[in-house]
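Working notes, beginning with the structure itself.
The values are calculated or read from the model by the stated rules, or taken from the named source; none is laboratory data. Computed from a predicted model, the values in this text were never measured in an experiment. Quick reminder, even Gly has a Cβ in these numbers, built from the backbone with ideal geometry, and neighbours come from all protein chains shown.
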Amino acid sequence: MDNVMLVNHHVKPLRVKLIDFGLAVKISEVWPGVVMQPLWNRSPEIILGLPFNEAIDIWSLGTILAEMLLGFPLFPGRHEYDVLRYIIDLLGEPPKELLNRAVNTGLFFKEKRKPFVKKHWTFKTPKEFQRETLKKTREDREYNFSSLEALKKTRLLKANSPELEDRKECVELLKEMLTMHQNNRITPDKILVHPFTIRRYLSRKNCPNTQAVQGEMAMAEIEQEWKLESFTNEDWEIEIIESVMASDNTKDPSSGSEESLSSP
């Protein structure tokens, strides 16, 4: 969350700016096989060495969302083999069409050929990978579920509770973000109107908590004017200054010292 900057939500709700894009590159400047993304957030197409596009960012966002939901990383491998092994255990193997086109398939899969039979790939066992690469594998996962659907089930939340509904919709969104084939991955515009984002399922009937109801009303209001906007640095400086001034105005006058914003 270090790359997310927020302003005072009491003044401008949902005003968020993503920062620190020093390693961002244009799609036209990359090629299959290039190493990108933090290891635990690395998409299958990067690991396998496939042509890729902006969908790799949706994958990374999905892994971050999953970690926020669970409290621990979803794919915490020491190297790419372990990360890919965890991905396959949870989501299944990549389609054969992807394995046939990928640059790095041979690093992680064994090729089996038989007469009159199409090429077949089998994922290498940890022992096989270790014998070939001398890289040790180990089990770093903090969970034992084998599908994203299993994340919906928890004994800690009551049936029909808003928290449980939240969790279910979150998992549904994760399913669309963490798809093996990048062409099937959800797009940013669809994320913005996903039930988990809009939260229309929250109501006074199933959510007696006042704060949650108010949150629903605020979301409904924002939804009417929600659109992707491009803010300049000057826009964000104004946003931050307004937030700071609003925060100062709400302080207790008897609290002591005052702080003023001076022009550069």
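Quick rundown of the values:
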{"read-out": "Tally of residues being in contact with a Pro (Cβ under 6 Å, 6 or more places away or on another chain) and aromatic (Phe, Trp, Tyr) across segment 71-119", "value": "0"}
{"read-out": "Checking Thr125 against (1) surrounded by fewer than 17 Cβ atoms within 10 Å (Cβ to Cβ); (2) within 23 Å of Leu39 (Cβ to Cβ); (3) in contact (Cβ under 8 Å) with a residue 24 or more places away in the chain; (4) not acidic (Asp, Glu), the condition it does not meet", "value": "(3)"}
{"read-out": "Residue satisfying condition, being of a type outside the set (Gly, Ala, Ser), surrounded by 14 or more Cβ atoms within 10 Å (Cβ to Cβ) and modelled with pLDDT under 95, within set Leu69, Leu91, Leu84", "value": "Leu69"}
{"read-out": "Val34 vs. criteria among the β-branched types (Val, Ile, Thr) and assigned to a loop (DSSP other than H, G, I, E, B)", "value": "yes"}
{"read-out": "Residue among Asn8, Asn41 that is surrounded by 10 or more Cβ atoms within 10 Å (Cβ to Cβ), closer than 21 Å to Ile186 by Cα and either at pLDDT 80 or above or more than 16 Å from the chain's Cα centre (by Cα) (or both)", "value": "Asn41"}
{"read-out": "Filter pass, Ala212 being touching a Pro at 6+ places or on another chain (Cβ under 6 Å) and modelled with pLDDT under 90", "value": "yes"}
{"read-out": "Contacts under 7 angstrom Cβ, first residue in segment 138-158 being in a helix (DSSP H, G or I) and of a type outside the set (Lys, Arg), partner at pLDDT below 90 and surrounded by 11 or more Cβ atoms within 10 Å (Cβ to Cβ), 6 or more apart", "value": "Leu151/Phe145"}
{"read-out": "The lone exception for Ser60 - which of (1) assigned to a helix (DSSP H, G or I); (2) of a type in the set (S, T, N, Q); (3) touching a residue at least 60 places away in the same chain (Cβ under 8 Å) it fails", "value": "(3)"}
{"read-out": "Segment 171-205 - residue that is at pLDDT below 90 and out of contact with any Pro (no Cβ under 6 Å at 6 or more places or on another chain) and, of those, surrounded by the fewest Cβ atoms within 10 Å (Cβ to Cβ)", "value": "Lys205"}
{"read-out": "In segment 55-89, the residues that are out of contact with any Phe, Trp or Tyr (no Cβ under 8 Å at 6 or more places or on another chain) and basic (Lys, Arg)", "value": "Arg78"}
{"read-out": "Those residues of segment 94-122 which are of a type in the set (S, T, N, Q) and either touching a residue at least 60 places away in the same chain (Cβ under 8 Å) or surrounded by 18 or more Cβ atoms within 10 Å (Cβ to Cβ) (or both), in sequence order", "value": "Asn104, Thr105"}
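Per-residue answers, yes or no, for (1) under 25 Å from His194 (Cβ atoms); (2) at pLDDT 95 or above:
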{"position": "Phe52", "(1), (2)": "yes, no"}
{"position": "Lys96", "(1), (2)": "no, no"}
{"position": "Thr105", "(1), (2)": "no, yes"}
{"position": "Phe108", "(1), (2)": "no, yes"}
{"position": "Val117", "(1), (2)": "no, no"}
{"position": "His120", "(1), (2)": "no, no"}
{"position": "Glu128", "(1), (2)": "no, yes"}
{"position": "Glu149", "(1), (2)": "yes, no"}
